[in-house]
1. Can you tell me how much longer the chain between residue 431 and residue 401 gets when fully stretched, taken as 0.36 nm per residue apart minus their C-alpha distance, in nm with one decimal?
2. Quickly estimate the mean residue ellipticity at 222 nm for the chain, helices only: each DSSP H run with n ≥ 4 gives -39500 (n - 2.57), and the total goes over all residues, rounded to 500.
3. Can you compute log10 of I(q)/I(0) for the chain with the Debye formula, treating each Cα as one identical point scatterer, at q = 0.12 Å⁻¹?
4. Contour minus end-to-end for residue 255 and residue 359, with contour as 0.36 nm per residue of separation and end-to-end as the Cα-Cα distance?
5. I need the calculated FRET efficiency for the pair residue 15 and residue 41, taking r as the beta carbon distance and R₀ as 25 Å, to the nearest 0.05.
6. Going by average Cβ neighbours within 10 Å, how do the peptides 344-353, 23-32 rank, with the highest at the top?
7. If I fit a long axis through the Cα atoms of helix 60-73 and take the longest principal axis of the Cα atoms of the chain, what angle between them do I get, 0 to 90°, rounded to 10?
8. Compute the whole-percent fraction of alpha carbon pairs in segment 23-99 spaced more than 15 Å apart.
Ligand SMILES: Cc1ncc(COP(=O)(O)O)c(C=O)c1O
């Protein structure tokens, strides 16, 4: 809103030529509202009375009178020779509702949160600069709804190389995060006549909700220490994260991978959620299952863990029969993803900057994972960790079941937030014997302090 123009900001005020309300009163309340809503920011220079009068087709004296009224009320201030400004003192008043929002916990173990301080700002900026310098004007048109070809082809190369996915520029689609890819897939599946989908139990409640919202019946497949119990599958479609399940952190065992592939070859359709598979610490990553059955496995990935969830960039590799209904669903959604971030990511992928960034991330997260294991061993006797082979979260097993709400409340009081396993289960029982702990966005000392605070809470429960 702040303007460098001597005339001040453009002001959109709706004044109706009516007898019911004098124009001056309408002008005054329009200005008050613009200031209260923040359309005119504290400190912004107001248009000169002459300019505003000309814009609105009013007499200048009427605008002068309205300004004087708002000066008297404290909405505006005048500086001799410099003009009229929105009062700075208002900032405090306008910010009050925001200050009332609940404070964020000091130690938030949100599963899957990446280190937000690790975003490769300099690399991203270089990539954007390069893209803006060299791209043709056509990049400012509506983008290809499937994703820009630059990114689709760069992703296809990367996924073939890093994840053994069978992909081409034609089969890869870019989405607004993996979440949108799942929502669009749900609609595409319904369009193809599907009525039911199985999800891992426990899993992210948001995933169950988006399938249900598309009209699919959602059933659960229990997860044990080998992963989803695929031999118990009854639904024809399954969403599964074989590389690192959320929230348990379980990696699908070789036996279960075999069973899942057999199920797929007998006609099952698998949605492989590979959201954090690049972050693997103790051994080389397992290849994606999609590479073994590309006609029956839909591969979903995301930049949310490796770069930032704020980018809202995800991707999906689709078998032929799903491409048209997926694109159709996207066309009635939002016409595609923003072009510039797509080009910047394509640039990082093509110049091996993404790979370099991943290597640095693995080193960083390995240290954080070690800090978590260490803090748990020192402060939480009777508890154990599992599911920490990969990704950004692990599962902490408590010595016994506790009331989930009570645990959350007491943790909140102690400045810690943890994520009870029970809340990821379809039935959502009141008590929980495990919590998911994300360690990606906490430093080693924050992890230590957070676990110490959690130990204090558990000792008092
Ligand atoms: C299980 C799972 N899948 C996928 C994602 C990625 O979602 P998005 O790409 O929409 O940020 C997440 C993020 O937390 C996740 O937990």
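Bear in mind these aren't lab numbers, they're just calculated from the coordinates by the rules spelled out. Since we're looking at a predicted model, the values are computed, not measured. Cβ placement follows ideal geometry from the backbone for every residue including glycine, while neighbour counts extend to all protein chains displayed.
1. The residue 431-residue 401 span can extend by a further 10.2 nm.
2. The per-residue figure over the chain is -13000 deg cm²/dmol.
3. Here the Debye-derived log intensity ratios amount to -1.05.
4. Length gained between residue 255 and residue 359: 34.5 nm.
5. Once the sixth-power term is evaluated, E becomes 0.70.
6. Sorting 344-353, 23-32 by mean packing, highest first, produces 344-353, 23-32.
7. Approximately 60 degrees, to the nearest 10.
8. So the portion of pairs separated by more than 15 Å is 54 percent.
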